[in-house]
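The values are calculated or read from the model by the stated rules, or taken from the named source; none is laboratory data. Since the structure is predicted, the reported quantities are computational estimates derived from the model, not experimental observations. Positions of Cβ are backbone-derived with ideal geometry, glycine not excepted, and every protein chain shown enters the neighbour counts. The protein model used for the area step is the full one, side chains on, heavy atoms only, and it has no ligands, DNA or RNA in it. Shrake-Rupley method; radii C 1.70, N 1.55, O 1.52, S 1.80 Å.
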Amino acid sequence: MSYNLLKGKRGIIFGALDENSIAWKTAERVHEEGGKFVLTNAPIALRMGQIKELAEKTNSEVIPADATSIDDLENLVTKATEILGGKLDFVLHSIGMSVNVRKGNHYTSQNYDFTHKGWDISAVSFHKTMQVLYQKDAMNEWGSIIALTYMASQRVFPDYNDMADNKAYLESIARSFGYFFGRDKKVRVNTISQSPTPTTAGQGVKGFDGFISYADKMSPLGNATALDCANYTVAMFSDLTKRVTLQNLYNDGGFSNMGVSDAVMEAFVGKE
Ligand code: NAI
(Lines give C-alpha, C1' and ligand atoms only; values in the text may rest on other atoms or scores of the structure.)
Protein backbone atom coordinates (compact mmCIF):
# COMPACT_ATOMS: atom_id res chain seq x y z
CA MET A 1 0.00 0.00 0.00
CA SER A 2 1.32 3.44 -0.88
CA TYR A 3 0.36 6.77 0.70
CA ASN A 4 2.71 9.05 -1.28
CA LEU A 5 4.30 10.02 2.03
CA LEU A 6 7.67 10.84 0.43
CA LYS A 7 6.54 12.51 -2.77
CA GLY A 8 9.14 15.06 -3.90
CA LYS A 9 11.70 14.01 -1.28
CA ARG A 10 15.32 13.12 -2.07
CA GLY A 11 17.84 11.08 -0.18
CA ILE A 12 20.68 8.60 0.18
CA ILE A 13 20.27 4.96 1.25
CA PHE A 14 23.37 3.17 2.55
CA GLY A 15 23.75 -0.59 3.03
CA ALA A 16 21.57 -2.53 0.55
CA LEU A 17 23.60 -5.69 -0.08
CA ASP A 18 20.97 -8.24 -1.13
CA GLU A 19 17.22 -8.62 -0.97
CA ASN A 20 17.34 -9.59 2.72
CA SER A 21 19.03 -6.32 3.70
CA ILE A 22 16.91 -3.94 5.73
CA ALA A 23 18.16 -1.15 3.43
CA TRP A 24 16.92 -3.09 0.37
CA LYS A 25 13.38 -3.30 1.76
CA THR A 26 13.59 0.34 2.77
CA ALA A 27 14.64 1.41 -0.74
CA GLU A 28 11.66 -0.48 -2.19
CA ARG A 29 9.25 1.14 0.26
CA VAL A 30 10.70 4.65 -0.15
CA HIS A 31 10.36 4.23 -3.92
CA GLU A 32 6.73 3.14 -3.55
CA GLU A 33 6.07 6.22 -1.41
CA GLY A 34 7.40 8.54 -4.13
CA GLY A 35 10.89 9.27 -2.76
CA LYS A 36 13.94 9.54 -5.04
CA PHE A 37 17.36 8.42 -3.88
CA VAL A 38 20.90 7.39 -4.61
CA LEU A 39 21.98 3.95 -3.41
CA THR A 40 25.43 3.46 -1.96
CA ASN A 41 27.59 0.72 -0.50
CA ALA A 42 31.26 -0.10 -0.02
CA PRO A 43 33.01 -0.82 -3.37
CA ILE A 44 33.64 -4.46 -2.37
CA ALA A 45 29.97 -4.98 -1.45
CA LEU A 46 28.90 -3.54 -4.80
CA ARG A 47 30.92 -6.21 -6.55
CA MET A 48 29.46 -8.97 -4.38
CA GLY A 49 25.91 -7.73 -4.02
CA GLN A 50 22.93 -7.52 -6.30
CA ILE A 51 22.44 -3.78 -5.94
CA LYS A 52 22.14 -3.15 -9.72
CA GLU A 53 18.87 -5.06 -9.70
CA LEU A 54 17.54 -2.81 -6.95
CA ALA A 55 18.77 0.31 -8.76
CA GLU A 56 16.87 -0.67 -11.91
CA LYS A 57 13.74 -1.48 -9.98
CA THR A 58 13.76 1.86 -8.16
CA ASN A 59 15.12 4.07 -10.99
CA SER A 60 18.10 5.04 -8.91
CA GLU A 61 21.81 5.45 -9.42
CA VAL A 62 24.51 3.70 -7.41
CA ILE A 63 27.53 5.60 -6.09
CA PRO A 64 30.21 3.53 -4.34
CA ALA A 65 31.44 4.85 -1.01
CA ASP A 66 33.37 3.30 1.82
CA ALA A 67 31.54 4.95 4.73
CA THR A 68 34.80 5.25 6.70
CA SER A 69 36.38 7.45 3.98
CA ILE A 70 35.69 11.19 4.14
CA ASP A 71 36.78 11.55 0.47
CA ASP A 72 34.26 8.92 -0.60
CA LEU A 73 31.51 10.50 1.50
CA GLU A 74 32.20 13.98 0.11
CA ASN A 75 32.06 12.63 -3.43
CA LEU A 76 28.84 10.76 -2.61
CA VAL A 77 27.03 13.76 -1.15
CA THR A 78 28.13 16.10 -3.96
CA LYS A 79 27.10 13.65 -6.69
CA ALA A 80 23.83 12.72 -4.97
CA THR A 81 22.68 16.34 -4.79
CA GLU A 82 23.64 16.82 -8.46
CA ILE A 83 21.86 13.67 -9.63
CA LEU A 84 18.76 14.27 -7.54
CA GLY A 85 18.65 17.99 -8.40
CA GLY A 86 18.80 19.55 -4.96
CA LYS A 87 19.46 19.18 -1.26
CA LEU A 88 18.50 16.01 0.58
CA ASP A 89 15.49 15.27 2.77
CA PHE A 90 16.44 11.84 4.12
CA VAL A 91 19.45 9.61 4.78
CA LEU A 92 19.47 5.99 5.97
CA HIS A 93 22.66 4.64 7.57
CA SER A 94 22.21 0.84 7.50
CA ILE A 95 25.80 -0.29 8.04
CA GLY A 96 27.34 -2.68 10.51
CA MET A 97 30.34 -4.99 10.65
CA SER A 98 32.56 -6.46 13.37
CA VAL A 99 35.83 -8.04 12.30
CA ASN A 100 36.12 -9.75 15.69
CA VAL A 101 32.72 -11.42 15.10
CA ARG A 102 33.77 -12.44 11.59
CA LYS A 103 37.02 -13.94 12.79
CA GLY A 104 35.38 -15.70 15.75
CA ASN A 105 37.26 -13.76 18.44
CA HIS A 106 35.52 -13.87 21.81
CA TYR A 107 34.60 -10.56 23.51
CA THR A 108 37.28 -11.24 26.13
CA SER A 109 39.94 -11.91 23.49
CA GLN A 110 39.68 -9.10 20.96
CA ASN A 111 42.20 -8.07 18.39
CA TYR A 112 42.12 -4.31 18.86
CA ASP A 113 42.94 -3.54 15.23
CA PHE A 114 39.75 -5.42 14.41
CA THR A 115 37.90 -3.64 17.23
CA HIS A 116 39.01 -0.31 15.78
CA LYS A 117 37.96 -1.22 12.24
CA GLY A 118 34.53 -2.47 13.37
CA TRP A 119 33.93 0.63 15.43
CA ASP A 120 34.95 2.89 12.55
CA ILE A 121 32.59 1.10 10.13
CA SER A 122 29.66 0.59 12.50
CA ALA A 123 29.64 3.81 14.54
CA VAL A 124 32.11 6.53 13.50
CA SER A 125 30.93 6.26 9.87
CA PHE A 126 27.63 7.72 11.09
CA HIS A 127 29.46 10.73 12.52
CA LYS A 128 31.49 11.08 9.32
CA THR A 129 28.36 10.92 7.16
CA MET A 130 26.60 13.57 9.22
CA GLN A 131 29.68 15.78 9.39
CA VAL A 132 29.95 15.79 5.59
CA LEU A 133 26.21 16.48 5.22
CA TYR A 134 26.40 19.25 7.83
CA GLN A 135 29.51 20.95 6.49
CA LYS A 136 28.27 20.85 2.90
CA ASP A 137 24.87 22.12 4.09
CA ALA A 138 23.38 19.29 2.03
CA MET A 139 20.18 18.66 4.04
CA ASN A 140 16.90 20.52 3.60
CA GLU A 141 15.17 21.92 6.69
CA TRP A 142 12.94 19.28 8.34
CA GLY A 143 15.07 16.55 6.80
CA SER A 144 15.43 13.23 8.62
CA ILE A 145 18.48 11.05 9.27
CA ILE A 146 18.14 7.48 10.59
CA ALA A 147 20.66 4.84 11.66
CA LEU A 148 19.81 1.26 12.60
CA THR A 149 20.78 -0.20 15.95
CA TYR A 150 20.16 -3.15 18.24
CA MET A 151 19.15 -3.63 21.89
CA ALA A 152 22.58 -5.08 22.79
CA SER A 153 23.69 -1.44 23.10
CA GLN A 154 21.60 -1.17 26.28
CA ARG A 155 21.43 -4.70 27.70
CA VAL A 156 23.80 -7.68 27.73
CA PHE A 157 23.64 -10.16 24.84
CA PRO A 158 26.93 -12.05 25.21
CA ASP A 159 27.28 -13.24 21.63
CA TYR A 160 26.74 -9.79 20.14
CA ASN A 161 30.40 -9.22 21.02
CA ASP A 162 31.96 -5.81 20.30
CA MET A 163 28.98 -4.85 18.12
CA ALA A 164 27.19 -4.08 21.42
CA ASP A 165 29.77 -1.37 22.15
CA ASN A 166 29.65 -0.13 18.55
CA LYS A 167 25.87 0.27 18.79
CA ALA A 168 26.12 2.16 22.09
CA TYR A 169 28.57 4.53 20.40
CA LEU A 170 26.29 4.87 17.35
CA GLU A 171 23.28 5.78 19.52
CA SER A 172 25.30 8.37 21.38
CA ILE A 173 26.46 9.95 18.10
CA ALA A 174 22.81 10.22 17.02
CA ARG A 175 22.00 12.25 20.13
CA SER A 176 25.13 14.38 20.12
CA PHE A 177 25.13 15.25 16.41
CA GLY A 178 21.32 15.41 16.43
CA TYR A 179 21.52 18.37 18.80
CA PHE A 180 23.66 20.40 16.40
CA PHE A 181 21.76 19.28 13.31
CA GLY A 182 18.47 20.25 14.98
CA ARG A 183 19.66 23.57 16.34
CA ASP A 184 21.48 24.72 13.22
CA LYS A 185 19.63 23.10 10.29
CA LYS A 186 16.27 21.91 11.66
CA VAL A 187 17.14 18.32 10.74
CA ARG A 188 16.11 15.38 12.93
CA VAL A 189 18.40 12.48 13.82
CA ASN A 190 17.20 9.21 15.33
CA THR A 191 18.15 5.55 15.65
CA ILE A 192 15.71 2.69 15.15
CA SER A 193 16.41 -0.31 17.38
CA GLN A 194 15.27 -3.28 15.35
CA SER A 195 14.41 -6.90 16.30
CA PRO A 196 16.89 -9.60 15.21
CA THR A 197 16.38 -9.99 11.47
CA PRO A 198 17.72 -12.73 9.17
CA THR A 199 20.18 -10.75 6.99
CA THR A 200 23.86 -11.22 6.17
CA ALA A 201 24.94 -9.03 9.11
CA GLY A 202 22.35 -10.57 11.48
CA GLN A 203 23.26 -14.15 10.69
CA GLY A 204 26.91 -13.39 11.42
CA VAL A 205 26.05 -13.29 15.13
CA LYS A 206 26.85 -16.57 16.90
CA GLY A 207 23.74 -18.58 17.84
CA PHE A 208 21.51 -16.34 15.69
CA ASP A 209 18.74 -18.95 15.34
CA GLY A 210 18.29 -19.23 19.09
CA PHE A 211 18.59 -15.50 19.44
CA ILE A 212 15.83 -14.72 16.94
CA SER A 213 13.42 -17.38 18.33
CA TYR A 214 13.97 -16.17 21.89
CA ALA A 215 13.22 -12.56 20.91
CA ASP A 216 10.13 -13.68 19.02
CA LYS A 217 8.80 -15.59 22.05
CA MET A 218 9.53 -12.70 24.40
CA SER A 219 7.76 -10.06 22.27
CA PRO A 220 3.96 -9.73 22.55
CA LEU A 221 3.77 -8.78 18.86
CA GLY A 222 6.59 -11.07 17.72
CA ASN A 223 9.77 -9.89 16.00
CA ALA A 224 9.61 -6.91 13.67
CA THR A 225 10.57 -7.91 10.12
CA ALA A 226 12.83 -6.03 7.71
CA LEU A 227 9.67 -4.75 6.00
CA ASP A 228 8.32 -3.49 9.35
CA CYS A 229 11.61 -1.63 9.80
CA ALA A 230 11.35 -0.17 6.29
CA ASN A 231 7.84 1.07 7.04
CA TYR A 232 8.94 2.68 10.30
CA THR A 233 11.78 4.42 8.48
CA VAL A 234 9.33 5.71 5.84
CA ALA A 235 7.23 7.18 8.66
CA MET A 236 10.37 8.78 10.14
CA PHE A 237 11.33 10.25 6.75
CA SER A 238 7.83 11.66 6.23
CA ASP A 239 6.49 15.02 7.40
CA LEU A 240 4.33 13.21 9.97
CA THR A 241 7.23 12.92 12.46
CA LYS A 242 8.75 16.41 12.17
CA ARG A 243 9.64 16.97 15.79
CA VAL A 244 10.82 13.51 16.72
CA THR A 245 14.57 13.78 17.24
CA LEU A 246 17.46 12.53 19.45
CA GLN A 247 15.50 9.32 20.08
CA ASN A 248 16.36 5.66 20.08
CA LEU A 249 13.08 4.24 18.73
CA TYR A 250 12.25 0.59 19.38
CA ASN A 251 10.79 -1.41 16.51
CA ASP A 252 10.84 -4.72 18.29
CA GLY A 253 7.32 -6.04 18.92
CA GLY A 254 7.55 -4.89 22.55
CA PHE A 255 10.71 -6.87 23.44
CA SER A 256 12.51 -3.94 25.09
CA ASN A 257 9.92 -3.55 27.86
CA MET A 258 9.48 -7.23 28.65
CA GLY A 259 10.79 -9.08 31.71
CA VAL A 260 9.56 -12.52 30.79
CA SER A 261 6.68 -13.89 28.72
CA ASP A 262 4.43 -16.94 29.19
CA ALA A 263 5.97 -18.51 26.10
CA VAL A 264 9.50 -18.24 27.54
CA MET A 265 8.36 -19.41 31.02
CA GLU A 266 6.91 -22.54 29.44
CA ALA A 267 10.41 -23.64 28.51
CA PHE A 268 11.28 -23.77 32.24
CA VAL A 269 8.09 -24.81 34.06
CA GLY A 270 6.08 -26.58 31.36
CA LYS A 271 2.58 -25.63 30.24
CA GLU A 272 0.01 -25.16 33.04
P1 NAI B 1 23.33 -6.39 5.74
O2 NAI B 1 24.52 -7.27 5.89
O3 NAI B 1 22.39 -6.66 4.65
O4 NAI B 1 23.77 -4.85 5.71
C5 NAI B 1 24.97 -4.37 6.29
C6 NAI B 1 25.58 -3.44 5.24
O7 NAI B 1 26.73 -2.73 5.73
C8 NAI B 1 26.02 -4.21 3.98
O9 NAI B 1 25.35 -3.70 2.85
C10 NAI B 1 27.50 -3.90 3.92
O11 NAI B 1 28.04 -3.90 2.62
C12 NAI B 1 27.54 -2.53 4.58
N13 NAI B 1 28.91 -2.11 4.91
C14 NAI B 1 29.85 -2.84 5.57
N15 NAI B 1 31.01 -2.15 5.60
C16 NAI B 1 30.79 -0.95 4.96
C17 NAI B 1 31.60 0.18 4.68
N18 NAI B 1 32.88 0.25 5.06
N19 NAI B 1 31.05 1.21 3.99
C20 NAI B 1 29.76 1.16 3.59
N21 NAI B 1 28.94 0.12 3.84
C22 NAI B 1 29.45 -0.93 4.51
O23 NAI B 1 22.56 -6.55 7.17
P24 NAI B 1 21.37 -5.72 7.85
O25 NAI B 1 20.89 -6.57 8.96
O26 NAI B 1 20.41 -5.23 6.84
O27 NAI B 1 22.14 -4.50 8.53
C28 NAI B 1 21.74 -3.17 8.42
C29 NAI B 1 21.82 -2.45 9.75
O30 NAI B 1 20.81 -2.96 10.62
C31 NAI B 1 23.15 -2.62 10.49
O32 NAI B 1 23.49 -1.41 11.14
C33 NAI B 1 22.80 -3.68 11.51
O34 NAI B 1 23.66 -3.68 12.62
C35 NAI B 1 21.39 -3.21 11.88
N36 NAI B 1 20.59 -4.18 12.62
C37 NAI B 1 20.46 -5.47 12.16
C38 NAI B 1 19.76 -6.38 12.88
C39 NAI B 1 19.69 -7.81 12.42
O40 NAI B 1 19.37 -8.70 13.24
N41 NAI B 1 19.92 -8.09 11.15
C42 NAI B 1 19.08 -6.03 14.16
C43 NAI B 1 19.22 -4.64 14.52
C44 NAI B 1 19.98 -3.76 13.78
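Ligands, DNA and RNA left out, the accessible area of the range 1-112 computed with a 1.4 Å probe is 47% carbon and sulfur.
On the basis of the beta-carbon distance and an R0 of 22 Å, ALA267 and LYS206 show a calculated FRET efficiency of 0.65. With semi-axes defined as the square roots of five times the eigenvalues of the C-alpha gyration tensor, the equivalent ellipsoid of the range 1-104 measures 23, 17, 12 Å, largest first. Along the Cα-to-Cβ line of VAL62, 7 Å from the Cα, sits a label point; which residues in the range 10-29 have backbone N less than 11 Å from it? Inside the label zone: 16-18. Between GLU82 and SER109, the distance separating the two model label sites (each 7 Å from Cα on the Cα→Cβ line) works out to 5.0 nm.
This model, with +1 at the C-beta of Lys and Arg and -1 at the C-beta of Asp and Glu, gives the chain a dipole about its Cα centre of some 600 debye.
In the context of the full set of protein chains, residues of the chain present 48 Å² of accessible surface per residue (probe radius 1.4 Å, heavy atoms only).
Given a Förster distance of 30 Å, report the FRET efficiency between PHE180 and ARG155 from their Cβ-Cβ distance, rounded to the nearest 0.05. Plugging the Cβ-Cβ distance into 1/(1 + (r/R0)^6) gives 0.60. TRP24 sits among other residues whose Cβ lies under 12 Å from its own Cβ, and their net charge, with Lys and Arg +1 and Asp and Glu -1, is -1. A simple charge model with +1 on the Cβ of Lys and Arg, -1 on the Cβ of Asp and Glu and nothing else charged puts the dipole of the range 54-103 at about 300 debye relative to its Cα centre.
Cross-linked pairs LYS52/LYS185; LYS57/LYS79; LYS167/LYS206; LYS79/LYS242: Cα-Cα separations exceed 23 Å for LYS52/LYS185; LYS79/LYS242.
Spin-label model, VAL244 to LYS7: label points 7 Å out along the Cα-to-beta-carbon direction sit 2.2 nm apart.
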